[in-house]
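The next block holds one structure in the form of structure tokens; read it before the comments.
The values are calculated or read from the model by the stated rules, or taken from the named source; none is laboratory data. Remember, predicted model here, so these are calculated numbers, not experimental data. With ideal geometry, Cβ positions are generated from the backbone for all residues, glycine too; neighbour counts draw on all protein chains shown.
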Amino acid sequence: MKIMPCPLNGPRNISEFVYGGELKDMPDQNHCSDYEWADYVFNCDNIAGIVREWWMHAPSSYWFIAERNTITDEILKTYDPKELFQQRVEFSESSPSSVQKESMT
């Protein structure tokens, strides 16, 4: 049985967790190209070695970051995202009608 140490809930069976993807820098959504945004959302580097990844403890819906060696599958460290991020990213909202009007012009 593989155990992952959850920063909030302590050591748990790996079956309680959901992989959320690689942690990577988010481009400025208001000034990047469609290609840059699609690359951020859909592509991953998939490197061999130590990576930082998003994981979620499913029973508590708690998201956290894990450092994992992709070669050995060893979990090196887990921690709360607050250790890396100081503020929440707010996305500007476009109403569906304004988007539709823009695409028609």
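Kindly indicate the residue of region 46-89 that is among the β-branched types (Val, Ile, Thr) and loosely packed, with under 11 Cβ neighbours inside 10 Å and also farthest from residue 28 (Cα to Cα) among those meeting that condition.
72
If I ask for residues that are among the aliphatic types (A, V, I, L, M) and at pLDDT 90 or above, which ones from region 32-46 would you list?
Within region 32-46, 38 is the sole residue that qualifies.
As an exercise: evaluate residue 21 against (1) modelled with pLDDT of 95 or more; (2) surrounded by 10 or more Cβ atoms within 10 Å (Cβ to Cβ); (3) of a type outside the set (Lys, Arg); (4) in a strand (DSSP E or B) and give the number of the one condition it does not meet.
The single condition residue 21 does not satisfy is (1).
Can you tell me which residue is nearest to the chain's Cα centre (by Cα) among those in region 1-52 that are under 26 Å from residue 88 (Cα atoms) and hydroxyl-bearing (Ser, Thr, Tyr)?
This residue is 19.
Looking at region 24-45 only, could you name the residues that are among the charged types (D, E, K, R), exposed (fewer than 12 other Cβ atoms within 10 Å of the Cβ) and outside any loop (DSSP other than H, G, I, E, B)?
34
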